[in-house]
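Below: one structure, written as structure tokens.
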Amino acid sequence: MPVRIEADKNLTTAYLSGEIDHHSCVFIRDEIDATINRLAPLELCLDFMHVSFMDSSGIGLVMGRYKLMHSLGGRLRVRGVSPSTMKVMKLAGLDLLAKIDCKGEKR
Amino acid sequence: MKAVNEMKLTIESRSVNESFARVAVSAFVAGLDPTVEELSDIKTAVSEAVTNCIVHAYQNTMGRIYIWVGIFEDSTVKIRIRDRGCGIANIEQAMTPLFTSQPQERAGLGFAVMQSFCDKISVRSTAGKGTTVTLMKKIESRQRC
Ligand SMILES: Nc1ncnc2c1ncn2[C@@H]1O[C@H](COP(=O)(O)OP(=O)(O)OP(=O)(O)O)[C@@H](O)[C@H]1O
Ligand SMILES: [Mg+2]
């Protein structure tokens, strides 16, 4: 399973795992959006702790979830990001859209 | 310059092959003893080019993707990724960061990633015939520095 979701009405946390690319993105996106649209939480947290690879499809995933949360008046947080994934996120300026915590940083 | 080692790989344009393609290329390059960062840069750039063939060139129909990798004397790696898909009418526009023909879910940053993670990228394309993306990256072998 590339995503496991824990949710209450304030916070939805999506634990992503494995490789995030165009192939795995579709499933992850649909799973997260189904929960968000049902619960409209105040905050969505994307947990990258167990993500071993991400390309620009993952940027689209994060940006799309940012837009969705924004349209519902909620916030997005990203945590557990590895150095190689951070490199891709920084290139896209995702660090300007959401609060990003890297691997090893205190939550 | 002639490659000192080379490999060819042909895959079908199924999204499940994205992961296979980037892992196969990085396994071939691993013989040069690259750093973790260099190897992950190559993986990411290959993933971008191969995904573009699947998503854009063949637009989720079946086609073939032709990958060639050459390793040169000076530890430069050259990766060529070719498709026979729809081609790119305006390459300059396509390579502009944030330009995408699929704004709903794509960021339009694939070429920007390839550009920043490799030393050099060249794109040749003919509308209706297909596209060839060539990536070059020099591996600064750890033993030699
Ligand atoms: N092999 C290809 N064949 C046809 N068109 C292509 C090809 N590669 C890229 N393109 C065109 O160039 C545009 C930009 O590509 P790029 O990879 O930078 O962004 P993207 O694929 O749209 O989004 P992202 O890579 O961030 O998910 C694409 O939207 C597409 O129109
Ligand atoms: Mg792309």
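Tabulated results
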read-out: Whole-angstrom Cα spans of chain A along principal axes, big to small; value: 32, 27, 22
read-out: Debye log10 I(q)/I(0) at q = 0.12 Å⁻¹ for region B:5-138, Cα point scatterers; value: -0.42
read-out: Across A:LYS90/B:LYS120; A:LYS9/A:LYS90; A:LYS87/B:LYS120; B:LYS8/B:LYS120, pairs whose alpha-carbon gap is larger than 22 Å; value: A:LYS9/A:LYS90
read-out: Gyration tensor (alpha-carbon) shape descriptor, region B:65-125, a/c threshold 1.5; value: prolate
read-out: Separation between Cα centres of region B:42-95 and region A:55-107, rounded to whole Å; value: 26
read-out: For chain A: relative contact order, % (alpha-carbon pairs under 8 angstrom, 6 or more apart); value: 25
read-out: Lys/Arg +1, Asp/Glu -1 at C-beta; region B:5-138 dipole; positive extreme among B:VAL123, B:CYS86, B:THR76; value: B:CYS86
read-out: Average beta-carbon neighbours from other chains, 10 Å sphere, peptide A:62-73; value: 1
read-out: Whole-Hz ³J(HN,Hα) from phi, Karplus 6.51 cos²θ - 1.76 cosθ + 1.60, for region B:128-137, glycine and proline x; value: x, 10, x, 9, 10, 10, 10, 10, 10, 8
read-out: Length released on extending from B:MET62 to B:VAL16, taking residue separation times 0.36 nm less the Cα-Cα span; value: 15.3 nm
read-out: Cα gyration tensor shape of the protein assembly as shown, rounded if a/c is under 1.5, else prolate or oblate by comparing a/b with b/c; value: prolate
read-out: Estimated 222 nm signal from helices in chain A, with DSSP H stretches of n ≥ 4 weighted -39500 (n - 2.57), rounded to 500; value: -13500 deg cm²/dmol
read-out: Relative contact order (%) - region B:5-138, alpha-carbon pairs under 8 angstrom, separation at least six; value: 26
read-out: Rounded percent of accessible protein surface that carbon and sulfur make up, the protein assembly as shown, 1.4 Å probe; value: 52
read-out: Dipole axis of chain A (+1 Lys, Arg; -1 Asp, Glu on Cβ), positive-most option in A:SER56, A:LEU96, A:PRO83; value: A:LEU96
read-out: Chain pair B, A: total accessible area buried, heavy atoms, 1.4 Å probe, Å²; value: 1800
read-out: FRET efficiency estimate (nearest 0.05) - Cβ-Cβ, A:ASN37 to A:LEU11, R0 25 angstrom; value: 0.95
read-out: Rounded FRET efficiency, nearest 0.05, which uses the C-beta distance separating B:GLN102 from B:GLU6 and R0 of 30 Å; value: 0.35
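The values are calculated or read from the model by the stated rules, or taken from the named source; none is laboratory data. What you are looking at is a predicted structure, and each value in this text was computed from that prediction instead of being measured. Backbone-built Cβ (ideal geometry, glycine too); neighbour counts: all protein chains shown. These area figures cover heavy atoms from the full protein model, side chains too; ligands, DNA and RNA do not enter into them. Shrake-Rupley method; radii C 1.70, N 1.55, O 1.52, S 1.80 Å.
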